[in-house]
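Participant: Let me begin by handing over the structure; questions about it come next.
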Amino acid sequence: MKQPVLQYLKLFLLLGLGGVTTMHVPKQDVSASLGALSLDGHFSFHDLSAAAQDFGNLSSFPPVAVLHPGSVSDIATTVRHVFLMGEHSTLTVAARGHGHSLYGQSQAAGGIVIRMESLQSDRMKVHPGASPYVDVSGGELWINVLNETLKYGLAPKSWTDYLHLTVGGTLSNAGVSGQTFRHGPQISNVKELEIVTGRGDVVTCSPQQNSDLFHAALGGLGQFGIITRARIALEPAPRMVRWIRVLYLDFASFTEDQEMLISAQKTFDYIEGFVIINKTGILNNWRSSFNPHDPVRASQFKTDKKVLFCLEMTKNFNPEAADIMEQEVNALLSQLRYTPASLFHTDVTYMEFLDRVHSSELKLRAKGLWEVPHPWLNLIIPRSTIHKFATEVFEKILKDNNNGPILLYPVNKFRWDNRTSVVIPDEEVFYLVGFLSSALGPYSIEHTLNLNSQIIEFCNEASIGVKQYLPNYSTEPEWKAHYGARWDTFQQRKNTYDPLAILAPGQRIFQKASASLPLSS
């Protein structure tokens, strides 16, 4: 087995099986120390198993305490308490939203986990007007934000594919979906933040006020502060969505059409691509929810292609303007080179479309297939190397189904703010590529991690220029390579806002000397 694979599996074994035996045991009575703090909420010191789990289901690092904050002041008090304990304390602090991280990023081995969803209740307020926005808790779920803003006929501009995530969680990464090409990631649509820094200070920041912290925290992986409130830009919300799927037989047409659509002035409102490997009868699977544009031709569709490419698009509309929507959709479709027999569409409410993944979640939960290991790999690929990447990965490395969706769609660089902490390729167009695997049946964790490692190894050897989204590294040299020329700025911001490396230890970027978690040799 090649060395990168061994390193990847070693990390997995540490995260998934190694427990916390390499952690230094705190000498002080943590329970008594924390229990003495004056709070609006409370600490839990028993039954902490939920705080040691996440969606990835690949690691389990129990904390010593979970904070259920009743206020932002509780979070500030707790972080300040840990800060004042000094650099020799083993305690670290992780803000946990809905626990959708993959490799223990929201966990704090032997530390404190803050249950951010406790802050949901009374911190959301919609402000309609010429430049509408919503003030919302960092622990609020995006689905709840949508439900509230729709009461005013408004909605946030940019989304993730799954809405049952917290605001602070996605803003700490970037927040991407099929609207990103038009509105940028979610972090490009934030007007203001309230942050608790690693010193325990509560700071309000925006592009005009404390701007360095504002930009640091957006996409900052929780390293510079805990997002306790966000002011999100809104726009008028449509009532309906025309939801369209088509298939391509070749990668060149698939990518060229996507790039044309994201650069057009009049285009779709959502554009995402999918790679489909060794799937037969896919059009029949679509029929349960979508109508074929041409039923006869759809029934005759056959192909011996191992790899197909699906383009998924939407057009927002209100019922009274359905005729105009039809004309616009037909004009756009006439410019594309998809396989005609594969054109399927349906009309759904805006809510139904945005919350579409939750419907699949409920079905998987009913079958016991949701809470399984998810060794996902999310990459950002420059446009200049996407074809080289696709040839190697989809034709050689992935010889069978990936046991999960494979996303592949382009976005526009100018929609991203380079002052934030997110790292992207230096090209005007780049692709978001996600291998969203589930470890089921023959697709074991080891098998999937091996594939992931092969993909990363190829990218490095072929100079693809890849950057990881939701990055997962375990050594400082890897993180330095990830941030490149921006590493010094990232490190300086850490020293300014979290000098003792208290926050987000699960990212394994900066470690407290007394709470390190080294790989065994």
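Participant: Need one number: nm distance between label points at S211 and A50, each 7 Å from Cα along Cα→Cβ, rounded to one decimal.
Facilitator: A separation of 4.1 nm, rounded to one decimal place.
Participant: Shifting gears a bit: About the Cα centre, and with charges only on the beta carbon of Lys, Arg (+1) and Asp, Glu (-1), how big is the dipole of segment 37-132? Nearest 20 debye, please.
Facilitator: Computed charge dipole of segment 37-132: roughly 160 debye.
Participant: Continuing with the same structure: How many nm is it between the label spots at T349 and T303, if each spot is 7 Å from the Cα in line with the beta carbon?
Facilitator: It works out to 3.4 nm between the two label points.
Participant: Grab the DSSP H runs of the chain that are 4 residues or longer, score each as -39,500 (n - 2.57), total them, divide by all residues and round the 222 nm result to the nearest 500 deg cm²/dmol.
Facilitator: Taking each H run of at least 4 residues, the total per residue is -8500 deg cm²/dmol.
Participant: Quick check: residue separation of F290 and R365 times 0.36 nm, minus the Cα distance between them. What number comes out in nm?
Facilitator: That pair, F290 and R365, stretches by 24.7 nm at full extension.
Participant: At 0.36 nm per residue, minus the direct Cα-Cα distance, what do K151 and Q492 gain on full extension? Give it in nm, one decimal, please.
Facilitator: 118.5 nm
Participant: Taking 7 Å along the Cα-to-C-beta vector as the label spot, tell me the Q468-S253 distance in nanometres, rounded to one decimal.
Facilitator: 3.7
Participant: Which shape class applies to segment 468-513: rounded if a/c is under 1.5, otherwise prolate when a/b exceeds b/c and oblate if not, where a ≥ b ≥ c are the square roots of the Cα gyration tensor eigenvalues?
Facilitator: oblate
Participant: Here's something else I'd like to know. Tell me, what % of the accessible area of the chain is carbon and sulfur with a 1.4 angstrom probe?
Facilitator: 50
Participant: Leaving out ligands and nucleic acids, note down the accessible area per residue over the chain with a 1.4 angstrom probe, in whole Å².
Facilitator: On a per-residue basis, the chain sits at 41 Å².
Participant: How large is the dipole of segment 267-352 about the Cα centre if only Lys and Arg carry +1 and Asp and Glu carry -1, each at its Cβ, rounded to the nearest 20 debye?
Facilitator: Here the size comes out at about 720 debye.
Participant: Looking at segment 79-148, which GluC sites (Glu not before Pro) are DSSP coil and have at most 15 other C-beta atoms within 10 Å of their C-beta?
Facilitator: E87
Participant: Helix 251-263 versus the longest principal axis of the chain: what is the Cα-based angle in degrees, 0 to 90, to the nearest 10?
Facilitator: Here the helix axis deviates by roughly 70 degrees.
Participant: Roughly what % antiparallel, to the nearest 5, for the DSSP beta bridges in the chain?
Facilitator: Around 90 percent antiparallel, to the nearest 5.
Participant: Which entries in the list K305/K388; K125/K367; K413/K480; K302/K396; K151/K363; K157/K467 go over 30 Å, if you measure between the two C-alpha atoms of each?
Facilitator: Correct reply: K125/K367.
Participant: Hey, got the dipole for the chain? About the Cα centre, +1 on K and R Cβ, -1 on D and E Cβ, debye to the nearest 20?
Facilitator: Here the size comes out at about 460 debye.
Participant: Under the rule that an exposed site lies in a DSSP loop and has at most 11 other Cβ atoms within 10 Å, name the longest stretch of the chain with no trypsin sites (Lys or Arg not before Pro) of that kind, not counting the sites themselves.
Facilitator: Result for the longest clean stretch: 28-150.
Participant: Oh, and also: Binning every alpha carbon pair distance of segment 97-172 at 10 Å from zero, what are the percents per bin?
Facilitator: 18, 48, 25, 8, 1
Participant: Mind checking which of F317, L343, N330 is farthest towards the positive end of segment 302-344's charge dipole, using Cβ charges of +1 (Lys, Arg) and -1 (Asp, Glu) about the Cα centre?
Facilitator: Farthest towards the positive end: L343.
Participant: If you don't mind, another one. So which GluC sites (Glu not before Pro) in segment 345-431 end up in coil per DSSP with only 12 or fewer other C-beta atoms within 10 Å?
Facilitator: Here the GluC sites (Glu not before Pro) that fit, given the DSSP loop and packing criteria, are E371, E428.
Participant: Further, regarding this structure: By how many degrees, between 0 and 90 and to the nearest 10, does the Cα long axis of helix 72-84 differ from the longest principal axis of the chain?
Facilitator: Tilt relative to the chain: about 50 degrees.
The values are calculated or read from the model by the stated rules, or taken from the named source; none is laboratory data. Computed from a predicted structure; not experimentally measured. Cβ coordinates were reconstructed from backbone atoms using ideal geometry, including for glycine residues, and neighbour counts include every protein chain displayed. What goes into the accessible areas is simple: the full protein's heavy atoms, side chains included, and nothing from ligands, DNA or RNA. Shrake-Rupley method; radii C 1.70, N 1.55, O 1.52, S 1.80 Å.
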